[in-house]
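The values are calculated or read from the model by the stated rules, or taken from the named source; none is laboratory data. This structure is a prediction, so every number in the text was calculated from the model and none was measured. Here Cβ is always computed from backbone atoms with ideal geometry, including for glycine, and neighbour counts include all displayed protein chains.
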Amino acid sequence: MDNGASSYLRFLNGENDAFTELIRQYKNGLVLFINTFACDIHIAEEAADETFLKLYVRRPRYNGACSFKTWLYTIGKNTALNYLKKRSRQSSRPLEDYYYISDETDIESDYIKGEQNIILHQALGALGKDYSQVLYLIYFEGLTAAEAARIMGRTSRQVSDLIYRAKKALRAELERRGFNGQI
Amino acid sequence: MDRYEKSAAFIMKRGDAAIAERKRRKAVILRSTAALTFGTAAALVVCISLNVMKTPRKPAPASSGIITETGTSAAAPSTAAVTTSVRTSTASTASTVTTQTTAAAAFTQEPSSAPKTTIPATSPATSEQTPETTTIISQGGINMKKISAFIAALTATGMLSPSFTYADASPDVHRVLFTQNEMNMFREYEEGDYSSDINGDGEFDICDVFELRLYGKRFMYCFDKYGHDQSKYAELSEQYSREAADRILRCYGSEGAFRFMPVSSGGTDPHDTTGATILARYYLFKNDSYPSDSEIFSALESRSFISSVDKTDIESFAEYIGKLRENIVYSDTYDDKRTYTDDELEAFARFDSGEVSADVNGDGIEDFFDGYDVLVYHVMKNDRGQSADENEFFSSEKWAQIEANGDVTLDGIVDDKDYRMLNSYFCRNTLTPSVTLDEMKEHLEKCIKEKEPTAERTEKALLAHIAESVTVIKGDPNIDGRVSIADSVAILQHIGNRDRFGLSEQGLVNADVDGIVGVTANDARVIQSWDAGA
């Protein structure tokens, strides 16, 4: 059983510390993943919080048919899409819905280190959402094509093709930006 | 407290508030229900009590002849019954009589403040006794009509009270019974493997059920007309764009292709395998009830649909939901004695006698997991075409065990029918299996093979892979890094069955070797000649 699954199981058995461990382990990655289609890091953070809130209140069952990360990211994606839709309808929200966490750390800037990586991530951000999403899941979350397919709601074959096209598009984008540093 | 602990604390605080609110609503509903029940019971007791109460009798001269009662001190209890039955019309005790003081000792009734029934004795008066008469005075007859009116008034009052103004729609409270098959499908909808958002508006509502049912009807029309060859489904392709069809097909799983779904228990059509009824049942699962006709019309009118829709489609859908509504089985009305088919009874007899073992997976225990493992085997082998070595779940030994013992229906193949038969056997008289979630998870952990460690993926790896992806190896459609006869076979398989053996985009580029645009059998021939020449 991977760490996430065991932490979740402990949380279901009543250990709230295990819930904190889940957030510590998965929140950053989930935020960055959601950011690939939310295109706003702050909204992505809020959507990630909604995902963890859903886990806390509803306690959905995890049956181990896929990795815990895959399961969590699938829930996160669906929750984020609903959240984005609701958010687009709301013109005002109660103040209590907002909270501020001290930004002594910035998820994005922490993650991106080095000029080469910065350029790479800028190019990634310029790609279509599907392309950036699949590359993020495969290369930065370490998921297999099958797991990424599960999260994205596509077949493994579609994801394989998507990876191929995404890499070509990323290469073209990098060349357009004049990136010629030791590919 | 670091930022993760702060975030967790905030989320838990919001979560606790949401859970507390839910509990509060449930408690209010329970209190109101209890109050109404108690009130109704109290009203009934009061009515009964009023009915049997007597007005006190005025002392009268012996020969006043006011009331005639032929009673003795030796009046037997049986006479009480006679009087009671005589007195009552619609209610057995809804009559009032006066109390005869001189006969107090004669009656077997215990002295109490409760109203007493004066009973005329059936035996004739003896010489020692003086017949006495008792005036029977009615103090206001109570009948069923008045009781019904009283209860109706009480109920109406309860309904108008503030505690009854809303009902708890907590999804945790499911009075509707769902089968385990349905619960499995609902999990797929919840976890995203099967999409429930048919119309792609980001929400799941009754409109999605409508769209799927309409698509299913049209698909089945084409299937009946043209058979399996979906390229002939002109009527369907005229109605649905490629994008819309792809989105609908994702409700049949991540493969995105139509498949006949399991029949839902709550359906009206035992042959409805389009998945529409299961999706409708999922709606019921999420919302605790189906929408009314007016709600359906309101939801569907002035909506934009993904195909052409007319009024009869909407009316037909409302009728369909109405029938589903009638077929809902609730836990307090479920009949434990489910009717089994002859095939099931025969199979159960084979299990019970030991002629066929229900311990299909060979773990020494006959339980729900035997059925579950048969189902996984069926999906791996029959749906995905995997073999013992390729499958993700079972060791070769267990695969062989299931293959050898899984055909419990004795039809020559291990498939989902065997799973359903085992499930019926283990879940007799219930709709859900008797295993806990933890037991399920533990079992799956034992089954799932260890995954191979994935290569480290970083920015560096991505950049390196970008360089590699541009490299085209002509003659390597299966992208195994070399050119061999297997590549020729891969091309021919792609041509023969694109759905199952289609090449990837890079594979298509690699496969086109004959100088003519497009992948054809000639490319396969060229590659074969390379292999032979090498």
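Just a few scattered comments:
- Helices (runs of 4 or more DSSP H) (entirely within region A:46-149) containing at least 1 residues that are modelled with pLDDT under 80 and more than 10 Å from chain B (Cβ to nearest Cβ): A:68-89, A:107-111, A:115-126
- Unmet requirement for B:R31, which otherwise passes all of (1) within 14 Å of chain A (Cβ to nearest Cβ); (2) surrounded by fewer than 12 Cβ atoms within 10 Å (Cβ to Cβ); (3) assigned to a helix (DSSP H, G or I): (1)
- Positions within region A:1-35 being outside any helix (DSSP H, G or I) and either free of Cβ contacts under 8 Å to residues at least 40 places away in the same chain or not aliphatic (A, V, I, L, M) (or both), in sequence order: A:D2, A:N13, A:G14, A:E15
- Close Cβ contacts (under 7 Å, 6 or more residues apart or on different chains) running from residues in region B:372-387 that are farther than 13 Å from B:D407 by Cα to residues that are among the aliphatic types (A, V, I, L, M) and at pLDDT below 80 comprise B:Q386/B:M380.
- Leading residue by the ranking (surrounded by the most Cβ atoms within 10 Å (Cβ to Cβ)) among those in region A:7-34 that are within 14 Å of A:R59 (Cα to Cα) and of a type in the set (S, T, N, Q): A:S7
- Annotation note: of B:T277, B:T273, the sole residue that is under 22 Å from the mean Cα position of the chain (by Cα), under 15 Å from B:F219 (Cβ atoms), at pLDDT 85 or above and β-branched (V, I, T) is B:T277.
- Scope region B:221-245; condition part of a helix (DSSP H, G or I) and surrounded by 17 or more Cβ atoms within 10 Å (Cβ to Cβ); matching residues: B:C222, B:F223, B:L236, B:Q239, B:A244, B:A245
- Unmet requirement for B:I413, which otherwise passes all of (1) over 20 Å from B:A349 (Cβ atoms); (2) crowded, with 19+ Cβ neighbours inside 10 Å; (3) without any contact (Cβ under 8 Å) to a residue 60 or more places away in the chain: (2)
- In region B:307-320, residue surrounded by the fewest Cβ atoms within 10 Å (Cβ to Cβ) [restricted to those that are more than 28 Å from the chain's Cα centre (by Cα) and under 22 Å from B:G200 (Cβ atoms)]: B:D310
- Selection count, region A:153-173, where residues are touching a residue at least 24 places away in the same chain (Cβ under 8 Å) and either more than 9 Å from chain B (Cβ to nearest Cβ) or buried (at least 22 other Cβ atoms within 10 Å of the Cβ) (or both): 8
Quick grid of which residues meet (1) assigned to a helix (DSSP H, G or I); (2) of a type in the set (S, T, Y); (3) at pLDDT below 70:
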position: B:I473; (1), (2), (3): no, no, yes
position: B:A490; (1), (2), (3): yes, no, no
position: B:L503; (1), (2), (3): no, no, no
position: B:D514; (1), (2), (3): no, no, no
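- Restricting attention to region A:9-23, the residues that are within 10 Å of chain B (Cβ to nearest Cβ) and within 18 Å of A:E50 (Cβ to Cβ) add up to 4.
- Beta carbons closer than 6 Å, at least 6 apart along the sequence or on distinct chains, pair a first residue in region B:1-15 that is at the interface with chain A (Cβ under 7 Å from one of its Cβ atoms) with a second that is loosely packed, with under 15 Cβ neighbours inside 10 Å for B:R3/A:I101; B:K6/A:I101; B:F10/A:Y99.
- Any hit, region B:366-376, residues being more than 17 Å from A:N63 (Cβ to Cβ), in a loop (DSSP other than H, G, I, E, B) and over 27 Å from the mean Cα position of the chain (by Cα): no
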